[in-house]
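Heads up: the structure comes next, in structure tokens.
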Amino acid sequence: MAKIELPYVAWRQGRPRFVPGARERALGYKGQDLKHETGEWYSLDEAHAFAIARRDEIRAQRKTGRKLKSPPVPKGRAVSDLWETYIKSDKHKSLAASSQKTYGKWVKPLKAEPLWHAPVGSVDPVVLKGLHEKVKKERGLPMANGTLAVISAMLAWGRLHNWLPRDRNGQPMANPATNLDLESPEPRLRVGTDIEIRTLVEASDLVEIDGVPMSAIGDAVLTGLFTGQRKKDILEFVPGAQSSTRVELVQSKTGARVSIPMAPRLVQRLAAGKVRRAQADYRVVLSNIIVNEGTGLAYNGGTFTDHFAQVRAVAIAGVVDEEATRIAREIHAAEQRNTEPPTIWKLAPCPSLAGFTFPDLRDTAVTWYARAGSTVPEIASITGHSLASIYQILKHYLALDGELADNAVKKLVEWMEREGLAV
């Protein structure tokens, strides 16, 4: 039997792959699996024909002494083209504006990769797994998972719109971005304490930016705590004509409709904010419950985040009462005490707030309502979470909260006593 020559081709368990050597790679050639757009591997005859043709091509290229140019991608069928088509689709446009912005951020690592210019049909799980590992190493696991989530979303859409190759039965190939067994980050759950929330609110009344107190940040903190709503919905909320003491809105991200009575503390705080704005010299007085009081206009997300960070920084560092501290230290020096000179605080430092973010108030609301004895459906009616999301939050929190465990055991003991159980 004549020997079949397969130059530059490795054959492993029926799966041929073009494997250029160092000299060929220097010319610009890259390794590739030998398969059709349908995903089927080349037969032996097809691999042989490819190998001979590629060998002759390499010989001719070597004579030119020039590096091979990247092979052209069929116009309109590259991964980049799929992305541009996907973001114009009704599917992508139906996402919340914040989600669309997040997708745009997550796709950036992909744009820096050769895969961005590759044919859609060349995308396979091995390539995507390698991309995930690279992005994870360079930019962290959350970004890597986000990038793969975007790829999966656009490939899922592309599969239904004739962008993916078809198999021999005419069916679109499976989405290669699914079932990749990707590593998941530890769930983040940060629940604020009473002292942390109070310190944030008090700090907002002490911090000034360009002479304007940041009290509106404190208003937003208490609104987030008592309603469990997302930042965007809080900043856009305008009380209805029917009631100024209820938060009634349709959540921008999920479309969930909520109607929440405001706690007395929140009503009091927001009423004070309304008085502040009425006394300010704004050309237009907005009805939003939270307003950038430096401009009188509604907050945008970036400015609000910046102002929140400045308030948090002051809450972490604390605010010294300069005059009281001066007097106390004069007395301390006069009495020649052998102790550290005293510091009198207007606001005591709260270093535990480092890393606390405004979205953490949403988890805080869920857990505080649970600790107060609210049922999961009751919590969902306030925050708009799905029941599964609330159970997920509480699953991680319950293991951390000794008070809930104490209450549970106390209830069990009381029930056993009432029932006369003597185990």
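The values are calculated or read from the model by the stated rules, or taken from the named source; none is laboratory data. Being a predicted model, the structure only gives us computed values, none of them experimental. Note that we place each Cβ from the backbone using ideal geometry, even for glycine, and neighbour counts take in every protein chain shown.
Look at the stretch 268-291: where a residue is under 11 Å from Ser215 (Cα atoms) and a partner is part of a helix (DSSP H, G or I) and charged (D, E, K, R), sitting 6+ places away or on another chain with Cβ atoms under 7 Å, you get Arg269/Asp219; Leu270/Asp219; Gly273/Asp219; Ile290/Asp219; Val291/Arg277.
Using the structure shown, decide if Thr303 is among the hydroxyl-bearing types (Ser, Thr, Tyr), outside the structural domain of Thr227 (by TED's automatic domain parsing) and either in a helix (DSSP H, G or I) or surrounded by 14 or more Cβ atoms within 10 Å (Cβ to Cβ) (or both). In short, no. Here the stretch 249-266 is the region considered, the condition is being surrounded by 14 or more Cβ atoms within 10 Å (Cβ to Cβ) and without any contact (Cβ under 8 Å) to a residue 24 or more places away in the chain, and the residue that is nearest to the chain's Cα centre (by Cα) is Leu249. Evaluation of Thr339 against the conditions (1) at pLDDT 90 or above; (2) of a type in the set (S, T, N, Q); (3) loosely packed, with under 11 Cβ neighbours inside 10 Å shows that the sole unmet condition is (1).
Yes or no, residue by residue, for (1) over 22 Å from Ala370 (Cβ atoms); (2) hydroxyl-bearing (Ser, Thr, Tyr); (3) touching a Ser or Thr at 6+ places or on another chain (Cβ under 9 Å):
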{"site": "Asn162", "(1), (2), (3)": "yes, no, no"}
{"site": "Asp194", "(1), (2), (3)": "no, no, no"}
{"site": "Ala220", "(1), (2), (3)": "yes, no, yes"}
{"site": "Val238", "(1), (2), (3)": "yes, no, yes"}
{"site": "Val247", "(1), (2), (3)": "no, no, yes"}
{"site": "Val250", "(1), (2), (3)": "yes, no, no"}
{"site": "Ile260", "(1), (2), (3)": "no, no, yes"}
{"site": "Gln279", "(1), (2), (3)": "yes, no, no"}
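Filtering the stretch 98-113 down to residues that are in contact (Cβ under 8 Å) with a residue 40 or more places away in the chain and out of contact with any Ser or Thr (no Cβ under 8 Å at 6 or more places or on another chain), which residue is farthest from Val135 (Cα to Cα)? Don't jump to the end; show me each part of the working.
Going residue by residue through the stretch 98-113, those that are in contact (Cβ under 8 Å) with a residue 40 or more places away in the chain are 98-99, 102-103, 105-107, 110.
Add one more test, that the residue is out of contact with any Ser or Thr (no Cβ under 8 Å at 6 or more places or on another chain), and what stays is 99, 102-103, 105.
Working: Ser99: 20, Thr102: 16, Tyr103: 15, Lys105: 13 Å.
Top of the filtered list is Ser99.
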